[in-house]
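The structure appears below as structure tokens.
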């Protein structure tokens with residue numbers, strides 16, 4: 001018997017079912033070692049859907065296996081000053097362990113790219129931990145690569161400063 005097709009669509013943060021799926025999948029990612037191994041705080045769990053809905057630059061893609069949510073990509077629109085166009089940062093990518101290796105990420109990123117094109121974005125960006133080889137390979141298969149402006153200055157690095 002063949003596996004059912006994975007369905008992918010934009011999340012509606014105001015829809016209770018979608019809101020629960022976004023929070024549950026992001027919490028599953030946070031609990032995973034790749035996501036830091038710590039569950040999301042109760043205030044984050046309670047407030048995330050409304051906080052995302054209040055930001056028109058945010059969108060999420062959900063993947064479903066039948067009625068079961070199995071994947072999530074959270075995106076935030078930014079702006080490229082060099083291109084004078086929007087860009088879309090792929091902020092979180094989640095696939096439940098039960099569905100890894102089934103190209104769920106590929107399907108979700110295709111939907112992200114479609115939405116980014118609708119928004120007039122010039123590129124997609126994302127960060128990935130260097131030790132997450134399976135995610136890195138998945139992103140490279142979808143056309144993501146490190147970048148540099150001038151080889152003398154090396155490749156771009158992602159840095160953070162917590163506030």
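Quick notes
- Contact order relative to length of the chain, as percent, for alpha carbon pairs under 8 angstrom and 6 or more apart: 18 percent
- Mean ellipticity per residue at 222 nm, deg cm²/dmol - from DSSP H runs of n ≥ 4 across the chain, formula -39500 (n - 2.57): -10000 deg cm²/dmol
- Taking a ≥ b ≥ c as the square roots of the Cα gyration tensor eigenvalues, segment 62-110 comes out prolate, since a/c reaches at least 1.5 and a/b is larger than b/c.
- Gyration tensor (alpha-carbon) shape descriptor, segment 1-47, a/c threshold 1.5: oblate
- Per-peptide average of other Cβ atoms within 10 Å, ordering 74-84, 105-115 highest first: 105-115, 74-84
- Protection proxy ranking, peptides 52-58, 63-69, average beta carbon neighbours within 10 Å, highest first: 63-69, 52-58
- The alpha carbons of segment 80-163 stretch over 41, 32, 31 Å along the principal axes, in descending order.
Rule-based calculations on the coordinates, nothing more; no lab input. Fair warning: this is a prediction, and the values are worked out from it, not measured in the lab. For neighbour counting, all protein chains shown are included, and Cβ atoms are generated from backbone atoms with ideal geometry for every residue, glycine included.
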